[in-house]
Amino acid sequence: MAKIALSAFAVLVLLCEVAGAQTLDTIEPRPFGHSVGDVLERRLLMDPRRDGKLDPASLPRPGRYGRWFQLRSVTPVPDGARLDYQIVNTPAQPDQENLPSLSVRVIGLDGRAHDAQIGPFTVAMAPIAHFGSNEIVQAGNMRPDLNPPPIDTSARRQRVFVYAAALIALATVQLAPALARRLGWRRAGPFVRALRALRRRRLRGDEVATRSDALRCLHRALDEAAGATVALDNVEQLWLAHPWLAPARANVEALLADSRGAFFGGAPPPPRARLDALAAQLADLERRR
C-alpha cells in the first residue's frame, strides 16, 4: 500500500512539472527551398511585460547539431532570442530534416523559473548537384526570388525640383537685366531709334541727299525728346528736360547752327560721318541714363 501511494505521489509531481512548463511562440524560417550553406533564422518570442525574460544561461551554445545544422550564433533580444542555423551538409536528393527541439528557462515576473519547450521544425532541403555528374537537381517546390521593395524617392524628387526652381529664379534675377538690354526689351528712345534708322536706311542718290535725310532724322529725334521743334532759339528747354544730354550739348548746338545754314542759307549739310557720330553719342547717353 505504501508503494502504491509513493508511486501516485511521484506521478502527481511529474504531472505538476509538465503542467508548469510553457511553450514559447516562434518565428520559423521558410520551410522549403534550402540547400547547403543557407542560414536559417529562428526567433523565440515572449512578452517581457507578461512572461518575464529568458535566462541566457539556458540558451543553446553555438556548435554542430546533428549531421545537417551548425548553430552559428545565439543573440538575446528584448522580446526573446534569435538563433542562426546554417546547413552544413547536402542530401543526395530532396529531403526533409528537423531543426532541433529546445528547452529553455523563463524567469517570470515573480522571479520564479519555468521551463519552456520549443519543438522541432521541419525544413525541406535539396542538393545543388549530384556528385560525380553535371546534372543539376532543383527542388520542385522552390519559389522564385522576391523582388526588392521599391524605394520611395518622392521626397528626394521634390527636393530636387525645389532646388532647380530656386536656381532658375536666381539665374533669372541675375541675367534678366543684361538680357533685357541685350535684346532691347525696354522700349527704345528717340535717339536709339534715330541711330537704327540711320544704319538701316541708306538712301540711293547723291551724297547731299543722303546727308539731308540723316539731318532730318536727327532733328525729328531732338524734337521728340524736347516735346517741341528744337532750334538755337529754344534749345535750352531740351537741356532742362534732359540734363543727361549735357555731354553732347556743344555738338548738338553746332549741328543746329549748321542745319539752319543748310535749310535756309543754301549751305551744304554737315558730313555724314559727323551726323552718324552725333547720333551714336546721343543714343549712348540715352541708354545709360
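Each value in this text was obtained by applying a stated rule to the coordinates, not by laboratory testing. Remember, it's a predicted structure, so these values are computed and weren't measured experimentally. All Cβ positions, even for glycine, are placed from backbone atoms using ideal geometry, and neighbour counts span all protein chains on display.
Obtain the nm distance between the two label points defined at R105 and I151 by a simple spin-label model: each point lies 7 Å from its Cα along the Cα-to-C-beta direction.
That separation, rounded to one decimal, is 4.7 nm.
Taking amide H positions as placed 1.01 Å from N in the peptide plane, with prolines and chain starts having none, which residues 5 or more places from D115, or on another chain, fall under 5 Å of its amide H?
Q22, V106
Amide H to amide H, which residues 5 or more places from F32 or on other chains are under 5 Å from it, using H placed in the peptide plane?
HN-HN under 5 Å from F32: A124.
Please compute the length gained on full extension between D233 and N251, using 0.36 nm multiplied by the number of residues separating them and subtracting their Cα-Cα distance.
Details: separation 18, 0.36 × 18 = 6.48 nm, distance 1.58 nm.
Between D233 and N251, full extension yields an extra 4.9 nm.
Quick one: net charge around P62, please, counting Lys, Arg +1 and Asp, Glu -1 for every other residue with C-beta under 15 Å from its C-beta. Mind showing how you got there, number by number?
Numbers: positive: R42, R61, R64, R72, R82; negative: E41, D84.
Counting the neighbours of P62, the net charge comes to +3.
If we sort 239-246, 67-74 on the protection proxy, mean other Cβ atoms within 10 Å, highest first, what's the order?
Output ranking for 239-246, 67-74: 67-74, 239-246.
Relative to the present Cα-Cα distance, how much length would full extension add between A188 and L170 at 0.36 nm per residue of separation?
3.8 nm
Normalising by the residue count of the stretch 190-288, find the relative contact order in percent from Cα pairs under 8 Å and 6+ residues apart.
Across the stretch 190-288, relative contact order equals 40 percent.
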